1. How many of the residues in the range A:78-97 are among the small types (Gly, Ala, Ser) and either farther than 18 Å from A:Glu150 by Cα or surrounded by fewer than 15 Cβ atoms within 10 Å (Cβ to Cβ) (or both)?
2. Which of the residues belonging to the range A:216-248 are modelled with pLDDT under 95 and of a type in the set (Ser, Thr, Tyr)?
3. Answer yes or no as to whether A:Leu267 is within 14 Å of chain B (Cβ to nearest Cβ) and out of contact with any Pro (no Cβ under 8 Å at 6 or more places or on another chain).
4. Restricting the search to the range B:89-132, which residues are more than 29 Å from B:Pro147 (Cα to Cα), surrounded by fewer than 18 Cβ atoms within 10 Å (Cβ to Cβ) and either among the aliphatic types (A, V, I, L, M) or more than 14 Å from the chain's Cα centre (by Cα) (or both)?
5. If you go through the range B:56-77 one residue at a time, how many are closer than 21 Å to B:Val139 by Cβ, touching a residue at least 24 places away in the same chain (Cβ under 8 Å) and open to solvent by 20 Å² or more (accessible area, probe 1.4 Å)?
6. Of all residues being assigned to a loop (DSSP other than H, G, I, E, B) and more than 16 Å from B:Ser105 (Cα to Cα) in the range B:39-59, which is nearest to the other protein chains (Cβ to nearest Cβ)? Just the residue, please.
7. Spot the failing condition for A:Thr154; the list is (1) at positive phi; (2) open to solvent by less than 10 Å² (accessible area, probe 1.4 Å), and only one is missed.
8. List, please: which pairs have Cβ atoms under 8 Å, are six or more places apart or on different chains, and start with a residue in the range A:35-47 that is more than 7 Å from chain B (Cβ to nearest Cβ) and end with one that is assigned to a loop (DSSP other than H, G, I, E, B) and β-branched (Val, Ile, Thr)?
Amino acid sequence: MKTFAKRLLIAATAAALMAGAAHAHRAWILPSSTVVSGDKAWVTLDGAVSNNLFFPDHRPMQVEAISITAPDGSAIKPANATVGQYRTTFDLELKQKGTYRIAQANSGLNASWKEGTETKRWRGTMAEYVAQGIDKKPGVELTASSRRVETFVTNGAPTPLKPTGKGLELGGATHPNDLYSGEEIAFTLTDNGKPAANVEVTLIQGGDRYRDEPGELKLKTGADGTLKFTPEKAGMYWLEAEASGTTSMEGKQLKSQSTYVAVIEVLPG
Amino acid sequence: MRNVVMLAVPVAMAGVAQAGTLELSVEIPKLSVAEYHRPYIAIWIEDASGKVAANLSVWYDIDLKDQEGEKWLKDIRQWWRRTGRSLEMPMDGVSSPTKPPGKNSVKFDTAAGPIAKLAPGNYKIIVEASREVGGKEMVEIPFKWAPGAEATGSATGKEELGAVTLKLTK
């Protein structure tokens with residue numbers, strides 16, 4: 001099966017890049033509500049890697065890797081965090097009005113080169129890359145990889161997302177907590193802060209366990225990074241994008257590889 | 001059953017006002033369900049471009065401790081999206097307790113408050129209901145507004161709202 005093969009391939013490349021993180025299957029952070037009101041607003045969230053969306057059936061997400069950014073930009077610790085067999089659960093009190101960003105993000109440098117017939121791999125920082133002489137290895141290829149799995153929750157009116165400028169990110173005219181069935185969504189994907197052109201995006205509505213067809217929707221960003229689609233049905237959606245290209249770091253040209261996942265809720269329009 | 005609620009609306013335009021009344025009757029159906037909670041209801045005026053021109057009423061549990069009732073305001077979904085999420089609740093003259101099944105009548109002074117600020121033109125009154133462990137429903141009544149205008153209109157919901165009637169008198 002094509003899509004299954006493709007997923008395995010992504011897992012195979014990524015697993016070598018990021019030690020410790022679970023990469024196979026689909027990673028997600030699912031909030032109990034994406035839109036809340038009142039002065040005592042809480043949501044509970046699940047973080048997992050699973051086959052079916054959004055049913056935890058494989059691995060929990062590592063809780064230390066989860067970061068929460070409040071509307072004012074401050075970092076908030078997950079409350080009541082528990083790592084279970086299949087999912088990590090944690091709570092968030094939304095004391096501020098605006099949009100909270102809940103993410104598992106990581107990035108790193110990876111190098112590979114050939115020694116005879118053997119492919120050598122290395123992972124570290126730019127300073128180590130030079131200090132260890134990896135940059136002098138014959139035919140070395142350096143890749144900056146980044147990966148972000150996130151979701152958004154808003155108390156009151158949505159506030160604009162502040163881009164981190166690292167890897168693939170979601171932005172654009174439509175706020176991810178302001179989505180309605182039958183209405184066009186206009187996102188913009190950026191890669192390292194620049195429009196991510198012609199990036200393939202996969203969109204799947206949750207509840208695929210109850211469908212014969214997984215219902216994967218393949219989309220592509222335009223030359224300016226825009227991604228436009230009109231969801232027919234309300235529900236929770238899993239959006240994944242992958243981009244590869246080149247970037248420069250400390251005067252060095254290198255390949256870049258970026259993966260992005262967002263869980264977004266489409267409300268009845 | 002008939003409950004008449006006269007809302008206090010601050011007089012903003014003393015002197016120039018031409019006293020008039022916008023009266024709305026909102027019927028809440030009596031439902032035979034195992035767990036009944038009175039619906040949360042928002043009433044607002046929308047202009048011809050679909051923007052909220054005036055927030056008239058929001059009926060919710062205003063007396064729960066710690067403003068617990070505000071937790072569910074987002075479930076009056078269209079109202080929340082269009083205006084509620086940008087408001088500071090409770091709102092004087094707008095926040096009001098939930099109402100029992102039956103015909104609930106509310107009156108607004110058209111010479112004061114948000115209605116007095118409306119430019120003459122075509123508008124809609126929108127009533128949206130959302131019931132805990134129940135359904136959601138929205139009805140709308142188009143009307144033409146000008147100071148001193150008279151108009152009547154009605155609409156009927158199917159599940160969460162009964163007859164809604166509008167009477168504009170000078």
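1. In the first step, residues of the range A:78-97 are kept if they are among the small types (Gly, Ala, Ser); the result is A:79, A:81, A:84.
Checking the rest, the ones that are also either farther than 18 Å from A:Glu150 by Cα or surrounded by fewer than 15 Cβ atoms within 10 Å (Cβ to Cβ) (or both) come to A:79, A:84.
Here the count works out to 2.
2. Matches in the range A:216-248: A:Ser244, A:Thr246, A:Thr247, A:Ser248.
3. Working: within 14 Å of chain B (Cβ to nearest Cβ): yes; out of contact with any Pro (no Cβ under 8 Å at 6 or more places or on another chain): yes.
Criteria met by A:Leu267.
4. Of everything in the range B:89-132, those that are more than 29 Å from B:Pro147 (Cα to Cα), surrounded by fewer than 18 Cβ atoms within 10 Å (Cβ to Cβ) and either among the aliphatic types (A, V, I, L, M) or more than 14 Å from the chain's Cα centre (by Cα) (or both) turn out to be B:Pro100, B:Pro101, B:Gly102, B:Glu132.
5. Residues of the range B:56-77 closer than 21 Å to B:Val139 by Cβ: B:56-60, B:72-77.
Filter once more, so that each one left must be touching a residue at least 24 places away in the same chain (Cβ under 8 Å): B:56-60, B:72-73, B:75-77.
Going one step further and asking which of them are open to solvent by 20 Å² or more (accessible area, probe 1.4 Å), we end up with B:72, B:75, B:77.
Here the count works out to 3.
6. Let us first name the residues in the range B:39-59 that are assigned to a loop (DSSP other than H, G, I, E, B), namely B:39, B:48-51.
Remaining after also requiring more than 16 Å from B:Ser105 (Cα to Cα): B:48-51.
Numbers: B:Ala48: 20, B:Ser49: 16, B:Gly50: 12, B:Lys51: 15 Å.
Out of the qualifying residues, it is B:Gly50.
7. Exception for A:Thr154: condition (1).
8. Within 8 Å, no pair qualifies.
The values are calculated or read from the model by the stated rules, or taken from the named source; none is laboratory data. Just so you know, these numbers come straight off a predicted model, no measurement behind them. Glycine also receives a Cβ, built like all others from the backbone with ideal geometry; neighbour counts cover every protein chain displayed. The accessibility values were calculated without ligands, DNA or RNA, using every heavy atom of the protein model including side chains. Shrake-Rupley method; radii C 1.70, N 1.55, O 1.52, S 1.80 Å.
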